[in-house]
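Reviewing the structure listed below.
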Amino acid sequence: MTTTRTAADLRAVTAAELEAIARGAALLGTGGGGDPYVGRLLAEHALGPGGSVPVVPLHELPDDAVVAAVGIIGAPTIGVEKIQGANETIDAIAALNSALPRPVTHLVCTEIGGSNSMVPIVAAARTGLPLVDADGMGRALPELQMLTPGLHGHAATPLGLSDEKGNRLVLHATDNLWAERLARSAAVTMGCSACYAMYPLSGAEARAAYIPGTLSWAYRLGLLMAEARRRHEDVAAVLADELGGAVLFRGKVVDVDRRTEGGFVVGTGRLDGVDGWAGSGFTLRFQNEHLVAERDDEVLVTTPDLVCVLDADVAAPVTTEALRYGMRVS
């Protein structure tokens, strides 16, 4: 049983696809990107009964399209407590539109991770704009200058930012690192979580700058996890094989040191080994996402490789804010 990124792609998102997309995006999010369950509920509400969002393959974008990346900036732990309302994404896009010569015509995920795979679906459902099957990371990373459009030399600003109180900002920054610093500072003032619309690109620029097919990839990975669990297979091993990786450790969480700092959730998770890893220790270091994995004080893997954590009992990805003492994970 396997899935490939060349299989049939999504052409629309309805409520029926949301659970698989959220599950696959949570895996690719490596612990970050926001809570996928909360994001799925928001997307279900935005779609409503029988609702759908059209999905456009990246290569089909017209040259004169205006593409904006939308999502949430802030600490994922706060996003679980201060859940996004109905208008933040609309307000962020409206703020960005006020600084553009032509309004946004297409939306895209900044990162195909966690809730930030769901927020663009919410935005597309509420605005009627199509969603592009792509993203700017192929995973989740903690800062907005880390998108592939930035690596291609495109500016993140003008950037629209909004909160649940109706506040709107438009940022113009000298470079993308300053855009991250200013947007992060504003998000902290807004309650450590805010919605953004940024990286306004033409269709031609977006086709060259974004990673194609990642929304569909998340969907297929979500289906793969569900099918592996239904067959009572080792889900972690199935995913490691699919992603060209390895099962690094199986253990029990014995300590979590987690704090909100500068608009990020940062900290460590420590595990004691079970089964073939009994007698060994394992440490996860995270800043929104799991960034470094160590076994017995030896660094095994770091970002940009995907450091994914699965709950051993339910075979579901575990976000950094959900990691808890006593969990058994792979």
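The values are calculated or read from the model by the stated rules, or taken from the named source; none is laboratory data. On a predicted model such as this, the values are computed, not experimentally measured, just so you know. Because the Cβ atoms are built from the backbone with ideal geometry, glycine has one as well, and the counts that use them run over all protein chains shown. Protein only, heavy atoms only, side chains kept; ligands, DNA and RNA dropped before computing areas. Shrake-Rupley method; radii C 1.70, N 1.55, O 1.52, S 1.80 Å.
Beta carbons within 10 angstrom, averaged per residue: use that to sort the peptides 175-183, 256-264, highest first.
Ranking the peptides 175-183, 256-264 by packing returns 175-183, 256-264.
Can you compute 3J(HN,Hα) from phi for each residue in the range 182-198, using the Karplus curve 6.51 cos²θ - 1.76 cosθ + 1.60 with θ = phi - 60°, rounded to whole Hz and x for Gly and Pro?
Once θ is set to phi - 60°, the couplings for the range 182-198 become 5, 5, 5, 4, 5, 5, 4, 5, 7, x, 6, 7, 8, 9, 10, 9, 8 Hz.
Over the chain, what percent of the accessible surface lies on carbon and sulfur atoms, probe 1.4 Å?
Ligands and nucleic acids excluded, carbon and sulfur give 52 percent.
Heavy-atom accessible area per residue, the chain, 1.4 Å probe: how many Å²? Mind dumping the intermediate values first?
Working: 13180 Å² over 330 residues.
Roughly 40 Å² per residue, with all protein chains present.
List, in order, the whole-Hz ³J(HN,Hα) value for each residue of the range 16-33 obtained from phi through the Karplus relation with A = 6.51, B = -1.76, C = 1.60 and θ = phi - 60°; use x for Gly and Pro.
5, 8, 5, 4, 5, 4, 4, 5, x, 5, 5, 5, 5, x, 6, x, x, x
Can you list the HN-Hα couplings for the range 140-156, worked out from phi with the Karplus curve (6.51, -1.76, 1.60; θ = phi - 60°), rounded to whole Hz and with x for Gly and Pro?
Karplus-based 3J(HN,Hα) across the range 140-156 equals 10, 9, x, 10, 6, 6, 8, 6, 4, x, x, 5, 8, x, 8, 7, 6 Hz.
Taking only Cα atoms, what is the 0 to 90° angle, nearest 10, from helix 36-47's long axis to the longest principal axis of the chain?
The two axes meet at around 40 degrees.
Please give the calculated 222 nm ellipticity per residue for the chain, where each DSSP H segment of at least 4 residues contributes -39500 (n - 2.57) and the sum is spread over every residue; nearest 500 deg cm²/dmol?
About -9000 deg cm²/dmol.
Measure off 7 Å from each Cα along the Cα-to-Cβ vector at ALA99 and ARG324, then give the distance between these two points in nanometres to one decimal.
4.0
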